[in-house]
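Input: a single structure, listed below in structure tokens.
Here, each number is a calculation from the coordinates, and none is a lab measurement. Please read all numbers here as calculations on a predicted model, not as lab measurements. Cβ placement follows ideal geometry from the backbone for every residue including glycine, while neighbour counts extend to all protein chains displayed.
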Amino acid sequence: MSLRQVEEASGKEVSNAYLSQLETGKIVQPSPNVLNTLSEIYAIDYIQLMELAGYLAPSAARKATQRHGRVATFAEHNLTPEEEAELMKYLKFLRMEKPP
């Protein structure tokens, strides 16, 4: 598919300019929302994309009892980067409040 075809297939959620920056390495960690969209378009496993982007530890490196934290829990809500950042700050706050 061309970059413009992918842009159209995403309903213009992912622009061809953004895709070009992904291809050239100018963007090295696309948001979980973008990864979710691309996984559907390209029929690629979403969890694998999350691992490749560095959001999740590779499955083989994770212990069977270790949870991997779902950074993309709200991916279907089309959060803005600002909303994602606020959620991450809130999660950090919650974890600091919890006694070890």
Self-check item: Of all residues making up segment 16-47, the number that are among the hydrophobic types (A, V, I, L, M, F, W, C), under 14 Å from the mean Cα position of the chain (by Cα) and farther than 12 Å from LEU3 by Cα
Solution: 6
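Name the one entry in GLU8, GLU23, GLU40 that is exposed (fewer than 11 other Cβ atoms within 10 Å of the Cβ), among the acidic types (Asp, Glu) and at negative phi. Show your work before the answer.
Working: GLU8 fails: exposed (fewer than 11 other Cβ atoms within 10 Å of the Cβ); GLU40 fails: exposed (fewer than 11 other Cβ atoms within 10 Å of the Cβ).
Sole residue among the options that is exposed (fewer than 11 other Cβ atoms within 10 Å of the Cβ), among the acidic types (Asp, Glu) and at negative phi: GLU23.
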Exercise. For ASN16, indicate whether it is touching a helix residue (DSSP H, G or I) at 6+ places or on another chain (Cβ under 7 Å), surrounded by 11 or more Cβ atoms within 10 Å (Cβ to Cβ), without any contact (Cβ under 8 Å) to a residue 40 or more places away in the chain and at negative phi.
Key: yes
